[in-house]
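Novice: Have a look at this one before I ask anything.
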Amino acid sequence: MSLIKSISGIRGTIGGTVNTNLTPIDIVKFAAAYGMWLKNHTNKKELTVILGRDARISGKMVSSLVANTLVGLGINVTDIGLSTTPTVELAVMLDAADGGIIITASHNPKQWNALKLLNHKGEFLNALDGEEVLEIAENDAYVFAEVDDLGKYRKKANYIDKHIKEVLNLKLVDVEAIKNAKFKVVLDAVNSTGGIAIPPLLEKLGVQCVELYCEPNGEFPHNPEPLKEHLTDISELVVKEKADLGIVVDPDVDRLALICEDGSMFGEEYTLVACADYVLGKTKGNTVSNLSSSRALRDVTLKHGGKYQASAVGEVNVVELMKTTNAVIGGEGNGGIIYPESHYGRDSLVGVALFLSHLAHSKVSCKQLRDSYPAYFMSKNKIELTPQINVDAILSTIAENYKNEDVITVDGVKINFETEWVHLRKSNTEPIIRIYTESTSQQSADDLAIRFIAEISQLVK
């Protein structure tokens, strides 16, 4: 499947056929549905949408189609051009706009692109609103503007500079401490917009930056998902340059991975753990991550006297629970930091500034800081099933079989054991069960995954 329509937007591979791939027809259709959704929920005569994109090769084409579709609906468009997902989120807030669209397929390879949809708060649409957009698209329920009522299109620059200023003004970002630490870092921005956002932030923080793949030309030099197996170049360069750490962001700069000074992975899961440790040490409060994120955040939160809760997978679910529990920081184990003092969205610029503040205050190396946290290891697997198999029935059976354990069924089935856990959830787009496990050693995590793969296989027979 190359075209995926969901409550969070639409994504797919460029080219091909309508309703199968992400073609101009599909782009226009979904942009129009979003525009109609906005118009259906307001009495305002004028609406404005912020539009930004990552550096993908197809970005300019997709952005042009989206902008002109919204103008055709009578909606004003403020195009901020090459940008990051968190920058667009902040721009919606700063300009008091009515919504926003980010043209990005996040960590997907270059043949993919997508529309990420924001509400007037600069946050992703919730499930109900997303379903409404899908329904409008399904029924072609559009009414376009007459010639005198067309929207206005304008370009506006310098939003990344505004974003950086917002980050530097955060109370817990200790600019002086970072400057005094005289850090040297290597940055891998996978030739996307991290290359125009992170270096100027580091410059303002007095950090020496060695740039690797920072030209925003959309030619990804490696798989853009910031996982260990894709990051050999930066790991080697960190050691060669005798840098204090490496910084890696995905194409739209909402995921942050770190490399220790010896070239080892700090671990995407531990980006949030470290930032939360710093924030909780300065601000008492609660934390939230999703059910597939490391238990280490819970441990760190309890250490500081706070309460930890887990949400269903998905940024909008994390944000909703953060608001409910007044969490002071939260996010996802994929390196996504959500810091409400800034805004309710994953933000690598905020993550970089908080982490460097923490490292400067700790006065230890990156590796020593990583080793100070609980040692957990994860295993991520999946089982592909035929479409005829009832995945929900399988998960219900597993939950019943383990009813005497700590079982959570908010999003699939998560079973908490004393020293480890397993999370089983079905894909929304494929006949797949994802199996995430965590334990106190890699072998134990792998063994737990193998055990549940075997149990599911028995149920399928």
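Novice: Find the eigenvalues of the gyration tensor of the Cα atoms of segment 377-460, then list the square roots of 5 times those eigenvalues as equivalent ellipsoid semi-axes, largest first, in whole angstrom. Let's see the in-between values first.
Specialist: Values: eigenvalues 80, 42, 23 Å².
In descending order, the three semi-axes are 20, 15, 11 Å.
Novice: Given labels modelled 7 Å from the Cα in the Cβ direction, how far is it in nm from T419 to D446?
Specialist: 1.8 nm
Novice: Taking the Cα centre of segment 377-460 as origin, sum charge times position over the Cβ atoms of Lys and Arg (+1) and Asp and Glu (-1), and report the length of that vector in debye to the nearest 20. Kindly include the intermediate steps, with their values, before the conclusion.
Specialist: Values: 8 positive and 13 negative charges, 48 e Å.
With only Lys, Arg, Asp and Glu charged at Cβ, the dipole is about 240 debye.
Novice: Quick one: what are the phi-derived ³J(HN,Hα) couplings along segment 124-133, Karplus 6.51/-1.76/1.60 with θ = phi - 60°, whole Hz, x for glycine and proline?
Specialist: 5, 4, 7, 4, 5, 5, x, 4, 5, 4
Novice: Loop only by DSSP, 14 or fewer other Cβ within 10 Å of the Cβ. Give me the trypsin sites (Lys or Arg not before Pro) in segment 191-262 that pass, ordered by residue number.
Specialist: In loop regions of segment 191-262 (DSSP not H, G, I, E or B), the sparsely surrounded trypsin sites (Lys or Arg not before Pro) are K242.
Novice: What order do you get for T42, T437 when you list them from fewest to most C-beta neighbours inside 10 Å?
Specialist: Details: T42 12, T437 26.
Neighbour counts put them in this order, fewest first: T42, T437.
Novice: To continue, here is another question. Sort T87, T325 by Cβ crowding within 10 Å, fewest neighbours at the top.
Specialist: Values: T87 28, T325 18.
In increasing order of surrounding Cβ atoms, one gets T325, T87.
Novice: Also, I was wondering about something else. Determine the sum of side-chain charges near I103: Lys and Arg each +1, Asp and Glu each -1, restricted to other residues whose C-beta is under 11 angstrom from that of I103.
Specialist: Numbers: positive: R11, R53, R56, K60, K116; negative: D54, D79, D252.
Combined, the nearby Lys, Arg, Asp and Glu give +2.
Novice: Another one. Whole-Hz Karplus ³J(HN,Hα) for segment 267-283, in order, using 6.51 cos²θ - 1.76 cosθ + 1.60 and θ = phi - 60°, x for Gly and Pro?
Specialist: So the J values, rounded to whole Hz, are x, 3, 4, 8, 4, 5, 4, 5, 5, 5, 4, 5, 5, 5, x, 10, 9.
Novice: Now a separate question. Tell me the chymotrypsin sites (Phe, Trp or Tyr not before Pro) within segment 148-236 that lie in a loop according to DSSP and have at most 11 other beta-carbon atoms within 10 Å. Walk me through the numbers before you get to the answer.
Specialist: Values: sites: Y153, Y159, F183, Y213; in loops: F183, Y213.
Qualifying residues, ordered by number: none.
Novice: Using 0.36 nm per residue of separation minus the Cα-Cα distance, give me the extension gain between K45 and D299 in nm, one decimal. The partial results should precede the final answer.
Specialist: Numbers: separation 254, 0.36 × 254 = 91.44 nm, distance 5.01 nm.
Working it through step by step, the gained length comes to 86.4 nm.
Novice: Please compute, for the alpha-carbon atoms of the chain, the extent along each of the three principal axes and give them in descending order in Å.
Specialist: 64, 61, 39
Novice: Expected output is a single nm value to one decimal: the length gained when fully extending between V147 and H222, i.e. 0.36 nm times separation in residues minus the C-alpha distance. What is it? Don't skip to the answer; put the middle values down first.
Specialist: Working: separation 75, 0.36 × 75 = 27.00 nm, distance 4.59 nm.
Full extension of this stretch gives 22.4 nm more.
Novice: Here is a follow-up. Could you work out the helix-only [θ] at 222 nm for the chain, with each DSSP H run of four or more residues adding -39,500 (n - 2.57) and the total divided by the number of residues, to the nearest 500 deg cm²/dmol?
Specialist: Details: 15 runs with 176 residues, N = 461.
Dividing the helical sum by the residues of the chain leaves -12000 deg cm²/dmol.
Novice: Given axes a ≥ b ≥ c from the Cα gyration tensor, I'd like to know whether segment 154-204 is rounded (a/c under 1.5), prolate (a/b larger than b/c) or oblate. Working shown, then result.
Specialist: Values: a/c = 3.14, a/b = 1.31, b/c = 2.40.
Taking the square roots of the gyration eigenvalues as a ≥ b ≥ c, segment 154-204 is oblate.
Novice: Sum up the charges of everything whose Cβ sits under 12 Å from the Cβ of V248, counting Lys and Arg as +1 and Asp and Glu as -1, but leave V248 out. Show your work: numbers first, answer last.
Specialist: Numbers: positive: K228, R255; negative: D188, E225, D233, D250, E268.
Neighbourhood net charge equals -3.
Novice: Taking Cα centroids, how far is segment 371-433 from segment 308-347 in Å?
Specialist: 21 Å
Novice: Could I have the simple spin-label model distance between L168 and E229, label points 7 Å from Cα toward Cβ, reported in nm to one decimal?
Specialist: 4.1 nm
Novice: Return the ratio Rg/(2.2 N^0.38 Å) for segment 318-439, where Rg is computed over Cα atoms only. Before the final figure, lay out each step's value.
Specialist: Numbers: Rg = 18.1 Å, N = 122, 2.2 N^0.38 = 13.7 Å.
My calculation over the Cα atoms of segment 318-439 gives 1.33.
Novice: Which whole-number percent of Cα pairs in segment 3-157 have a distance greater than 18 Å? If you can, show how the numbers build up before the last one.
Specialist: Numbers: 6240 of 11935 pairs.
Here the long-distance tail beyond 18 Å is 52 percent of all Cα pairs in segment 3-157.
Novice: Using DSSP, restrict attention to beta bridges with both residues in the chain and report what percent are antiparallel, rounded to the nearest 5. List each step's numbers first, then the result.
Specialist: Details: 44 of 76 bridges.
If we restrict to bridges inside the chain, about 60 percent are antiparallel.
Novice: Among N290, G345, L170, flag the residue with its Cα farthest along the positive direction of the charge dipole of the chain, charges on Cβ as +1 for Lys/Arg and -1 for Asp/Glu.
Specialist: It is L170, whose Cα lies furthest towards the positive end.
Novice: Same structure again: Within segment 1-96, which trypsin sites (Lys or Arg not before Pro) sit in a loop by DSSP and count at most 13 neighbouring Cβ atoms inside 10 Å?
Specialist: Values: sites: K5, R11, K29, K39, K44, K45, R53, R56, K60; in loops: K44, K45, R56.
Filter output for segment 1-96: K44, K45.
Novice: Sort largest first and round to whole Å: the equivalent ellipsoid semi-axes of segment 163-371, each the square root of five times a Cα gyration tensor eigenvalue.
Specialist: On the way: eigenvalues 127, 68, 52 Å².
Here the semi-axes work out to 25, 18, 16 Å.
Novice: Grab the Cα-Cα distance for S365 and D140, subtract it from 0.36 nm times how many residues apart they are, and report the gain in nm with one decimal. Intermediate results must be reported in sequence, preceding the final value.
Specialist: On the way: separation 225, 0.36 × 225 = 81.00 nm, distance 5.65 nm.
Result for the pair: 75.3 nm of gain on full extension.
Novice: Turning to a different aspect of this structure: Direction-averaged shadow area of the convex hull around the Cα atoms of segment 1-85, nm²? The partial results should precede the final answer.
Specialist: Values: hull surface 22.7 nm².
If you wrap the Cα atoms of segment 1-85 in a convex hull and average its projections, you get 5.7 nm².
Novice: Provide the three semi-axes, in whole Å and in decreasing order, of the ellipsoid equivalent to segment 303-385 as defined by the square roots of 5 times the Cα gyration tensor eigenvalues. Before the final figure, lay out the partial values.
Specialist: On the way: eigenvalues 111, 78, 36 Å².
Whole-Å semi-axes of the equivalent ellipsoid: 24, 20, 13.
Novice: Among S293, S64, rank each residue by its count of other Cβ atoms within 10 Å, from fewest to most, as a rough exposure measure. Show your work: numbers first, answer last.
Specialist: Details: S293 28, S64 16.
By the 10 Å Cβ count, ascending: S64, S293.
Novice: Taking every DSSP beta bridge with both residues inside segment 208-343, roughly what % is antiparallel (nearest 5)? Could you put the intermediate results ahead of the total?
Specialist: Details: 9 of 17 bridges.
If I count the DSSP bridges inside segment 208-343, around 55 percent turn out antiparallel.
Novice: By the scheme Lys and Arg +1, Asp and Glu -1, what is the net charge of all other residues having a beta-carbon under 11 Å from that of V92? All intermediate terms of the calculation are to be shown ahead of the outcome.
Specialist: Details: positive: K121; negative: E89, D95, D98, E123.
Local charge sum for V92: -3.
Novice: Around Y153, which amide H atoms from residues at least 5 apart in sequence, or from another chain, sit under 5 Å from its own amide H, with H modelled in the peptide plane?
Specialist: When sequence neighbours closer than 5 places are left aside, the close amide H contacts are V77.
Novice: Under a Cβ-only charge scheme (Lys and Arg +1, Asp and Glu -1), can you give me the dipole magnitude of the chain about the Cα centre, in debye to the nearest 20?
Specialist: Working: 47 positive and 60 negative charges, 148 e Å.
Once rounded to the nearest 20, the dipole reads 700 debye.
Novice: Just want to confirm a number: the relative contact order over segment 1-117, from Cα pairs under 8 angstrom separated by 6+ residues, in percent.
Specialist: Values: 208 pairs, mean separation 35.8, N = 117.
It comes to 31 percent, rounded to a whole number.
Novice: Return the sequence-ordered ³J(HN,Hα) values of segment 139-144 in whole Hz as given by the Karplus equation 6.51 cos²θ - 1.76 cosθ + 1.60 applied to θ = phi - 60°, using x for Gly and Pro.
Specialist: 9, 6, 8, 10, 10, 8
Where a number appears in this text, it was derived from the coordinates with a stated rule and is not lab data. Not measured: the values here are computed from a predicted model. All Cβ positions, glycine included, derive from the backbone under ideal geometry; neighbour counts span all protein chains shown.
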